[in-house]
1. Would you calculate a helix-derived [θ] at 222 nm for the chain, using -39,500 (n - 2.57) for each DSSP H run of n ≥ 4 and dividing by the full residue count, to the nearest 500?
2. Under 5 Å between amide hydrogens, which residues at least 5 positions from Ser125 or on another chain qualify, with H placed 1.01 Å from N in the peptide plane?
3. How big is the dipole moment of the chain about its Cα centre under a simple scheme where the beta carbon of each Lys and Arg is +1, that of each Asp and Glu is -1, and everything else is neutral? Debye, nearest 20, please.
4. Could you let me know the centre-to-centre spacing of the range 115-172 and the range 9-87, using Cα atoms, in angstrom?
5. Under 10 Å, Cα contacts only: if you run a Gaussian network model on the chain, which one of Asp28, Asp71, Asp158 comes out with the highest mean-square fluctuation?
6. Under the rule a/c < 1.5 gives rounded, and otherwise a/b versus b/c splits prolate from oblate, where does the range 160-204 land using the Cα gyration tensor?
7. Give the lysines reachable from Lys11 as a straight Cα distance under 19 Å; neighbours fewer than 8 places away on the same chain don't count.
8. Assuming a ≥ b ≥ c are the square roots of the Cα gyration tensor eigenvalues, decide whether the range 18-63 counts as rounded (a/c under 1.5), prolate (otherwise, with a/b larger than b/c) or oblate.
Amino acid sequence: HTALGGGWGNKVIGGYDFVNGDNDPFDDYGHGTYTAGIIASNNTTYRGLAPDAKIVAIKALDSSGGGFESDAIAGLDWCVANATQYNISAISMSLGSTVLFNGYCDSSKSGYKTAINTATANNISVIAATGNNGNISAMSAPACIQNATSVSSTTKTDGISSFSNRNNVTDLLAPGSSITSSVPTGSCTLCSASGFSTQSGTSA
């Protein structure tokens, strides 16, 4: 995507595809490009919060947006293992579980707990979306891991977005309603010929 460097090695400097088991984390769903743009787009109109940031792309979900916790955990471990090479300081996890949790879920999600605790012990912040079920007392995993920074969504008028999961251990709320960001231009679920799309959610 032109807003993300226009090619491999420019702004997107590394990564891995745990779905297909190769070194090309190509986004065939569109959500990864969208959330990456919110962070690091250098487009003059739809500029990200950190337009000079570099991106390491981890593909843990398939072309329909589904996947396995084991691949997400492997992605966390990959980032820790490659943190020095790519100067990784933060991980944004724009994914969640179908089961929601009323409090911390470390005892139920030990794999996520170990991986996130290892990342934070290595000075890598792990940010995770709370989910979009509109639940006012529960959130999805891995946002419910205690050492993850869980993020819910607000509207453009600073209200809590109606779709946003949250509970009494939610860490942050940030704008997530009707955000325009980069998406692929090919053929995928979130693709758009213009290269940009307006979406809502707790991701990024």
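The values are calculated or read from the model by the stated rules, or taken from the named source; none is laboratory data. In this text the structure is predicted, and so the values were computed from the model without any measurement. As a convention, Cβ positions derive from the backbone with ideal geometry for all residues, glycine included, and neighbour counts pool all protein chains shown. For the accessible areas, the whole protein counts, side chains as well, though only heavy atoms, and no ligand, DNA or RNA atoms are used. Shrake-Rupley method; radii C 1.70, N 1.55, O 1.52, S 1.80 Å.
1. Only helices count here, giving -5500 deg cm²/dmol.
2. Ala90, Ile91
3. For the chain, the charge dipole is close to 460 debye.
4. The two parts, judged by their Cα centres, are 19 Å apart.
5. Highest fluctuation of the listed residues: Asp158.
6. prolate
7. Filter leaves Lys54, Lys59.
8. prolate
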